[in-house]
Structures are given as structure tokens and as C-alpha cells.
1. For region 215-229, take each phi angle, set θ = phi - 60°, evaluate the Karplus expression 6.51 cos²θ - 1.76 cosθ + 1.60, and give the result in whole Hz per residue in order, putting x for glycine and proline.
2. If each residue of separation counts as 0.36 nm, what is the full-extension length gain between TYR98 and LEU146 once their alpha-carbon separation is subtracted?
3. Quick one: the Cα spread of region 121-199 along its three principal axes, in angstroms, biggest first?
4. Order of TYR98, TYR107, TYR156 from fewest to most other C-beta atoms within 10 Å?
5. At 0.36 nm per residue, minus the direct Cα-Cα distance, what do LYS83 and HIS153 gain on full extension? Give it in nm, one decimal, please.
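Read-outs: derived from the displayed coordinates by stated rules, not from any lab. These numbers come from a predicted model, not from an experiment. Please note: Cβ atoms are built from the backbone with ideal geometry, for glycine as well, and neighbour counts cover all protein chains shown.
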Amino acid sequence: MLRLAAVRSTRRCVPAAVQLSRLLSTGPVASASTPGTASETPAVNAEGVAPPKTRGRKLKRAQQTKPTKVQAEPTDWKSLGLKYDPETLPVVQKLDPYTKEYDEEEYARTLIHGRSLHTPFHHPRTHDVPVASIHFRSHHIPIMRLFIHFASHAAYSLGIPVSKMVSLPTQRRLWTVLRSPFAHKKSQENFERRVHKRAIKAWDAHPDVVQRWVDYLRKHAMPGVGMRVTTWQRMPLGIGMSALQRDKVSAKDASVRPTGMATRQIEELAQKIIQEERSSSDSVPTSKTTA
């Protein structure tokens, strides 16, 4: 015969009479003051009106002072070189290319939910002058693609024209080792490691903007993705001639003979060295050799 274990209910059983008494006693009950305890009398102000009663949390909230709003001084955003008022951005509107054409500037200042999930906008090149090249390396392709997508969005926000992702040759390394030093010594096992590489290139941007972009990527770097940055800096025309003239001036200053006190000090030091050499040469004995 199968015997089942008794199951005890954790719910407390309340009699119906107790439930009815609780239902009837929902109204407030006046508590009579005992002679041993003083009854609480509400304080009365000068006008003879008692203040409203407040309990614990309400009293704490009433006692807390509300923070005062500090109004910032209005700044002239046009004097800062801004085209739009920062207080009016982002603009809440619906962009539909089928009803109205819009440019990149209008797209950038519009509030678009899920913008980071879309393909980043690529600014057109203006002078085709390369300023930076970033190589990404990782063992996992999905996380590397995600970080490149993040880097492209950051470049778009800073106004840097960048190229699309370019695939580079995959680096492959293979190790062949023994499967076991004893029982399976004659069998071998192969271990392979692949390093996937991608690259993007940036053009026509100021070196300070490029450095800010690189610092932002390094600050929010993704684990498992390596990054190598190569930057180019341009010097103004005629930098070689100016450097040559600067070297000529420095050489001319070095060839100028000192005058005044420096000349006398140099002559005295030279005479002192000559006297020391003469005295040392006179003190050395000479040996005669006979054939």
C-alpha cells in the first residue's frame, strides 16, 4: 500500500468569528486617558488654531527644505561658434525619406531612438588627406565587428570621414604536440590559433579631433579586441628651410669669439696648463743608452 506523507499547510487558519470582529472594528476607537499618563494636547498658535497633525514620514518630508533652483547665467551660444541653441536639441520630429528629403545635419540634430543600431553615416572626404589608420585584432569576429561599429559611430559624431571596415589576412599559427607522453606517445594532436584583423582609415580631420577620438576608443575599449593606431601629422611648407636657417644661426653664435672677462679667463687658464705641462716634462729623467 502506497502511503503519502502528510503535507502541512503554511497558511494560518483564522476563524470566521474573528474575521467578522475585525470587519466591524474598522472604525477609529477613542482611547481614554488614564490618570497615570498625561493626554496629548495639540499645541495652539497665537491665533488659537491648532496645526494639522502629521505623522512620521509626512513630518520628515515637511521638515525637509526644498532645494532651490539655481538659474544659470544665459550664455550667448552664437558667440561660441554654435549654429543651434543647445537647449533646443535634440529636435523631436519624424524623418521620412519618402515624404521629405533631409540631409545629414538635420539627421544628426534629430532624436532617433535606436540610432546606434543603424549603420553609421560616413562623412564625405574633402581633401583626401589621410590622418589616421586603426587596425583591430581579435580571436572572435562578432565582438570585433561590434567594436568597429562603435568606433564608426564615434567618428561620425566627431565629424571625421572614415572608411568602411576592410578585412585583412587572418594570421594562423599551428602547434603539433604529442597527445600523451606514455600510452598515446605515437599519436599527435594539433592546436590552432587564428587572429582576425580588420582596419579602418580616417581622412581630413584636425589632429586634436583625431586624438580625442582615439582617447575615447581607448577609454571604452572592449575586452578581447586589440587596437593599433597610426597617425600622421603635417608640417607647414618651408619647415626645412626654417630649420636650416636656425642651425646656421646657432653655428654662427658658437663660432663668435668671446670678449671681455671671458677672454682673459680663457688666456689665464691656457697659461696655467702650459706651465703645468712644462714642469711635468722637466721633472721626468732621461735615460741614456749605449750601443
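1. With the stated coefficients, region 215-229 comes to 5, 5, 5, 5, 5, 10, 5, 9, x, x, 10, x, 9, 10, 10 Hz.
2. Here the segment from TYR98 to LEU146 would lengthen by 14.3 nm.
3. Here the Cα extents, ordered largest to smallest, are 67, 21, 13 Å.
4. On the way: TYR98 5, TYR107 12, TYR156 18.
Going from sparsest to densest Cβ surroundings: TYR98, TYR107, TYR156.
5. 23.0 nm
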